[in-house]
Amino acid sequence: MSNLCRRLSAFGLIASGAVLTAAPASAILVQPVQIRMNSTGEQSSGAITVVNDRNRPDTIEISVSKLSLPRQGSAEMTKDDGNEFLIFPPVATIDPGKTQVFRIRWVGDPVLPEARSYMFTTGELPVNQTEGSGVQLVYAIQSLVTVSSPGLISAVTASAVVRTEKKNDEASSQAKKSDDIVHGITVTFENGGNDVAFLSDYSMKLETAAPNAWSRSLTNEEVSNFVGLGLLTPNSKRDIFLPIGDVPPSGDVKITLKHDKNKR
């Protein structure tokens, strides 16, 4: 699984069609897949860079959807008019081998009661249209955009742990491909704050008490390998599977999270 797919899959986006179709080897290249913005100040602006790696011009459009995450299942995206963002240019034709930077600026409320999450779709439009066919999306790549405000904070805890078995194709990319069933735990992560949180910003210590005493520590890089970005929206819960097969079969599993000070 590619790094893009791994990071998006953490909040169900692959299953729900966030990457609408896989880009061929020679296609458009989009960076970044994640943008963290503020509603005021220097970080109220961002950019999406698109490289046309094809041998023909590509017409590219940027569109916006609001993103929400249920406790279980795929991400939910609702088409948005994008009026709270200034996107320039909204549409551009990129010549072969050339690069286009799409500038993004938040122009909505400068003080948000809680952080917001959006999905920006960088979509390819056909260069040559058959008469009467209308505009048809060929494929799209999506970038997660979150907007916070000064003073907002996240409060992440692991409120429940359940031992779980999953089919191989439902588990993390870190699971062994030779196993039909992947053993692990499903953790209910709760964000009780009004800012977004990313589990990839946290290290974790998992442990059980005697008589089945056991512990395992995960760096934030290892957490990212398991859960991708691990987005938690404000005041929400999210059930996330961790393919950790050596958890003892009985006993309560305690999870302690530590935020990386180098992360926002």
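The values are calculated or read from the model by the stated rules, or taken from the named source; none is laboratory data. The model shown is predicted, which means the values in this text are computed figures rather than measured ones. Note that each Cβ is placed from the backbone with ideal geometry, even for glycine, and that neighbours are counted across all protein chains shown.
A few comments on the model shown:
- Within the stretch 105-127, being within 18 Å of A47 (Cα to Cα), aliphatic (A, V, I, L, M) and surrounded by fewer than 16 Cβ atoms within 10 Å (Cβ to Cβ) holds for one residue alone: V107.
- V161 modelled with pLDDT under 95, over 23 Å from S65 (Cα atoms) and among the aliphatic types (A, V, I, L, M): no
- Residue within the stretch 56-64 that is among the charged types (D, E, K, R), in contact with a strand residue (DSSP E or B) (Cβ under 6 Å, 6 or more places away or on another chain) and not in a strand (DSSP E or B) present: no
- Test for A115: is it of a type in the set (G, A, S), modelled with pLDDT of 95 or more and within 16 Å of the chain's Cα centre (by Cα): yes
- Screening S217, S236 for residues that are at pLDDT 95 or above, under 28 Å from K66 (Cα atoms) and among the hydroxyl-bearing types (S, T, Y) leaves exactly one candidate, S236.
- Taking the stretch 201-246 as the range and being hydrophobic (A, V, I, L, M, F, W, C), closer than 17 Å to V162 by Cα and outside any loop (DSSP other than H, G, I, E, B) as the test, the residues that pass are M204, L206, W214, F226, V227, I240, F241, L242.
- Scan of the stretch 1-55 for residues that are modelled with pLDDT under 85, polar (S, T, N, Q) and either in a strand (DSSP E or B) or in contact with a Gly (Cβ under 8 Å, 6 or more places away or on another chain) (or both), ordered by number: S9
- Filtered by the rule that a residue be over 20 Å from T49 (Cβ atoms), of a type in the set (G, A, S) and assigned to a strand (DSSP E or B), the stretch 66-102 gives a lone residue, S68.
- Any chance V196 is buried (at least 17 other Cβ atoms within 10 Å of the Cβ), in contact with a helix residue (DSSP H, G or I) (Cβ under 9 Å, 6 or more places away or on another chain) and at pLDDT 95 or above: no
- Of the residues V127, V101, V135, the single one that is at pLDDT 95 or above, among the hydrophobic types (A, V, I, L, M, F, W, C) and more than 20 Å from the chain's Cα centre (by Cα) is V101.
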